[in-house]
1. Per-residue accessible area for Arg106 at 1.4 Å probe radius, Å² rounded to 10?
2. How much solvent-accessible surface does Tyr107 expose, in Å² to the nearest 10, with a 1.4 Å probe and all protein chains in place?
3. In the chain, how does Rg compare with the Kirkwood Rh, expressed as the Rg/Rh ratio over alpha carbon atoms?
4. Once amide H atoms are placed 1.01 Å from N in the peptide plane, what residues at a sequence separation of 5 or more from Ala86, or on another chain, have their amide H within under 5 Å of its amide H?
5. What are the equivalent ellipsoid semi-axes of the range 2-59, built from the alpha-carbon gyration tensor (square roots of five times its eigenvalues), in whole angstrom, biggest first?
6. Please work out the ratio of the alpha-carbon Rg of the range 64-115 to 2.2 N^0.38 Å and round it to two decimals.
Amino acid sequence: MGYTIIATAFGLAAAASALAAYTGHRGWVADPRKGYRVPARVRSDPELTHRANQLVGTWCLLAAGLALAPVVAVIPAVMSEFRLDASTGLLAATAAYALLVGAVARYPFARIQRL
């Protein structure tokens, strides 16, 4: 059961990060209807808008890739016919890795606020 939860949680995180990366690659980050809340100075300056789109597209794509790694790693345990339980050490390591993935995904949005 623990492996299924890990795979589902990281799969959802990968999907959310991929959606944010898609928004960045399409150039919609500063668009209030399709993108995210960004400072007015970023929306008004085309160079800063381009930089914000690059930041979100690149870093969120990286976060999506990082989030897929645990999914690929636990799929054999999920598909196994043996009942395998996740150890406490694995859950602790997974939680620490989730914090890392979250920090990578959050970085471009914090950086946009400082542009």
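1. For Arg106, the solvent-accessible surface is approximately 130 Å².
2. 80 Å²
3. On the way: Rg = 17.1 Å, Rh = 15.2 Å.
Taking Rh as the inverse mean 1/r over Cα pairs, Rg/Rh reads 1.12.
4. When sequence neighbours closer than 5 places are left aside, the close amide H contacts are Gly2, Tyr3.
5. On the way: eigenvalues 167, 19, 13 Å².
Working from the Cα gyration tensor, I get semi-axes of 29, 10, 8 Å.
6. Values: Rg = 15.1 Å, N = 52, 2.2 N^0.38 = 9.9 Å.
Against the empirical 2.2 N^0.38 Å value, I get 1.53 for the range 64-115.
The values are calculated or read from the model by the stated rules, or taken from the named source; none is laboratory data. Note that the structure is predicted; figures quoted are calculated from it, not measured. Heads up: the accessible areas ignore ligands, DNA and RNA and are worked out on the full protein's heavy atoms, side chains in. Shrake-Rupley method; radii C 1.70, N 1.55, O 1.52, S 1.80 Å.
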